[in-house]
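Single-structure report; data block below.
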Amino acid sequence: MKTQQITVAQAAFQNGDIASNIKKMEDMVNQCKIAHPETRLIIFPELAATGYFLTSEIKELAQTQDGPISQRMRKAAQQYEVNIVYGYVEKDTEGKIYNAIQLVGPDGNAEANYRKIHLTPLERGIFTAGSELVTVQTDIGKIGLMICWDLAFPELSRALALKGADILIAPSAWEDPYDAPFTQFGAARAIDNTVYVAACNHVGESGELTFFGKSAIYGPDGQTIKTAAKYEDTLITATLDEEWRKEIKESFFTMLEERRTDVYET
């Protein structure tokens, strides 16, 4: 039976303090691997490396995909032999700024980079929207990458599932009082596509925003496997069972196979 452990690292991160935030992520990776040595993937929130804040100053924290933030996280992934997903502010060769996440592998390589496609109204004045769907094959299966508000769009998760994603990952910065939609979207995207979904949220305050946490890992039947408490730094770990997922896809949850693409496109 093919099973894999993944961990969601819910935490507060300091706005503008990259050094502190990277140290916190490194410490949480160490903590996770001590408590759950079989974990193969650790997920951190949206813009964890920089803190989530939406003023022009965040542009000054932007780095290239292979910049110092990536170098440190790649070193941590290699040291602990684990996949890591984290959020950061990306700058491309043309100077455009993106709300991005990067997946680094246990061999120390940067395996995938995703730029947030669905920006919120406040983000549109800071970031350029991404335009590329990203899936990546890893040692725990094919992962589809999303960020926060992307969860609200079933078209994106469906497209990732049709590209073969086994797991959808959504690092987030979701604020009060919208905890109900956050959990509902995560569960819906899981059952919609019969995939695992891991949604990792911030906690703490940033300007007028208060992040509530409630990070969660959902099963391919839409049920919550693990959820984190509100307003606290914590790790939640779950075991993903690919054989069970295959079994339920072939029994009751047969929606992907029964789509009427002669009537609708997706």
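Read the figures in this text as sums done on the coordinates, not as results from a lab. Bear in mind the structure is a predicted one, so any value in this text is a computation, not a measurement. Here Cβ is always computed from backbone atoms with ideal geometry, including for glycine, and neighbour counts include all displayed protein chains.
Decide, for segment 43-82, between rounded, prolate and oblate: order the square roots of the alpha carbon gyration tensor eigenvalues as a ≥ b ≥ c, take rounded if a/c falls under 1.5, and otherwise choose prolate if a/b is larger than b/c, else oblate.
Oblate.
With 21 Å as the limit, write out which pairs from LYS91/LYS163; LYS91/LYS142; LYS2/LYS249 have Cα-Cα distances beyond it, or answer none.
Going by Cα-Cα distance, LYS91/LYS163; LYS91/LYS142 fall outside the 21 Å limit.
Per residue of segment 83-93, in order, report the coupling 6.51 cos²θ - 1.76 cosθ + 1.60 (Karplus, θ = phi - 60°) as ³J(HN,Hα) in whole Hz, putting x for Gly and Pro.
Per residue, the Karplus-derived 3J(HN,Hα) values read 7, 10, 10, 8, x, 7, 9, 9, 10, 8, 5 Hz.
Per the Cauchy relation, a quarter of the hull surface: what is the mean projected area of the convex hull of the alpha carbons in segment 1-58, in nm²?
Here the figure is 4.5 nm², rounded to one decimal.
Testing the spin-label approximation: label points 7 Å from Cα along Cα→Cβ at LEU209 and THR3. State their distance in nm.
3.6 nm
Residue farthest toward the positive end of the dipole of segment 1-65, with Cβ of Lys/Arg at +1 and Asp/Glu at -1: which of LEU54, THR64, ILE43?
ILE43
Which percentage, to the nearest 5, of the DSSP beta bridges contained in the chain is antiparallel?
65 percent
Of TYR218, ALA198, VAL89, which is farthest towards the positive pole of the chain's charge dipole, taken about the Cα centre with +1 and -1 on the beta-carbons of Lys, Arg and Asp, Glu respectively?
VAL89
In Å, the Kirkwood hydrodynamic radius of segment 120-266 over pairs of distinct alpha carbons?
By the Kirkwood definition, the hydrodynamic radius is 16.1 Å.
I'd like the distance separating the alpha-carbon centroids of segment 150-212 and segment 43-108, in whole Å.
With segment 150-212 and segment 43-108 each reduced to a Cα centre, they are spaced 19 Å.
Under the definition of Cα pairs under 8 Å and six or more residues apart, what whole-number percent is the relative contact order of the chain?
Reported as a whole number, the value is 20 percent.
Quick check for me: using +1 on Lys/Arg Cβ and -1 on Asp/Glu Cβ, what's the dipole size of the chain about its Cα centre, in debye to the nearest 20?
220 debye
For the chain, modelled as a Gaussian network with Cα springs under 10 Å, which listed residue fluctuates most, VAL29, VAL136, VAL203?
Highest fluctuation among the options: VAL136.
Which one, TRP174, GLN137, MET73, projects farthest toward the positive side of the charge dipole computed for segment 3-250 from Cβ point charges (K/R +1, D/E -1)?
The residue sitting farthest along the positive end of the dipole is GLN137.
Would you mind ranking LEU256, LEU41 by Cβ crowding within 10 Å, fewest neighbours first?
Placing the least packed residue first, the sequence is LEU256, LEU41.
Please compute the alpha carbon radius of gyration of the chain, then divide it by the globular-protein estimate 2.2 N^0.38 Å. Two decimals is fine.
Normalised by 2.2 N^0.38 Å, the Cα Rg of the chain equals 0.94.
Which one of GLY222, GLY130, GLY144 has the biggest mean-square fluctuation once the chain is modelled by GNM with Cα springs under 10 Å?
GLY130
Using the alpha-carbon atoms, what tilt in degrees (0 to 90, nearest 10) does helix 179-193 show relative to the longest principal axis of the chain?
50 degrees
Can you give me the three principal axis dimensions of segment 13-89 from its C-alpha atoms, in Å, biggest first?
40, 21, 16
GNM, the chain, Cα, under 10 Å: largest mean-square fluctuation among ARG40, ARG72, ARG158?
ARG72
For segment 166-249, what value does the Rg/Rh ratio take when both radii are computed over Cα atoms and Rh is the Kirkwood radius, given to two decimals?
Ratio value, two decimals: 1.01.
Mind putting a number on the dipole of segment 186-265 about its Cα centre? Charges go on the C-beta only, +1 for Lys and Arg and -1 for Asp and Glu, and I need it in Debye to the nearest 20.
Once rounded to the nearest 20, the dipole reads 140 debye.
Given axes a ≥ b ≥ c from the Cα gyration tensor, I'd like to know whether segment 30-162 is rounded (a/c under 1.5), prolate (a/b larger than b/c) or oblate.
oblate
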